[in-house]
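Shown next, in structure tokens, is the structure this report addresses.
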Amino acid sequence: MIPTGITLYQWQHCPYCTKVRRAFDQMGLQYRIVECGPDQAEVYQLLGRRQVPAIKDVRTGVTMLESDDIIAYARRQYGEGGGAQQGDGAPSEAA
Ligand SMILES: N[C@@H](CCC(=O)N[C@@H](CS)C(=O)NCC(=O)O)C(=O)O
């Protein structure tokens, strides 16, 4: 498993959240899940919007909405060719 600083704010049955969880799981990422209430107060506090999925990454300070953007961010940051994995000497390619 690849450690990350990501917390995923979600509703378990939201299809966009499922898509993000699947992508994270496929990438082998370790992340926290916060199951939001119906008013999505947790996300509202973080981003000023009532929408899931959302993430906060404590490693980078990034907060983000939109499933496609979240998945692209995780790939960039932690996925194949990502620059954040430490200790394996993985080759880095120009972005
Ligand atoms: N384009 C967004 C759509 C996300 C979305 O529509 N989420 C719904 C839950 S499935 C939501 O949070 N709706 C706000 C609400 O119901 O208050 C994405 O891809 O993440």
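Residues I71, I6, I55, I33 in ascending order of nearby Cβ atoms (within 10 Å, fewest first): I33, I71, I6, I55.
Cα convex hull, the range 2-78: 73 Å³ per residue, rounded to a whole number. When DSSP beta bridges are restricted to pairs lying wholly in the range 2-78, around 55% turn out antiparallel. The GluC sites (Glu not before Pro) of the range 1-85 that meet both conditions, a loop assignment by DSSP and at most 10 other Cβ atoms within 10 Å of the site Cβ, are E80. With 0.36 nm allotted per residue and the present C-alpha distance subtracted, the W11-D39 stretch has 9.0 nm of extension available.
With contacts taken as Cα pairs under 8 Å at a separation of at least 6 residues, the range 2-78 carries a relative contact order of 37 percent.
Bear in mind these aren't lab numbers, they're just calculated from the coordinates by the rules spelled out. Bear in mind that the values here come from a model prediction, so they are computed numbers and not experimental data. Methodologically, a virtual Cβ is constructed for each residue, glycine included, from the backbone with ideal geometry; neighbour enumeration extends over all protein chains shown.
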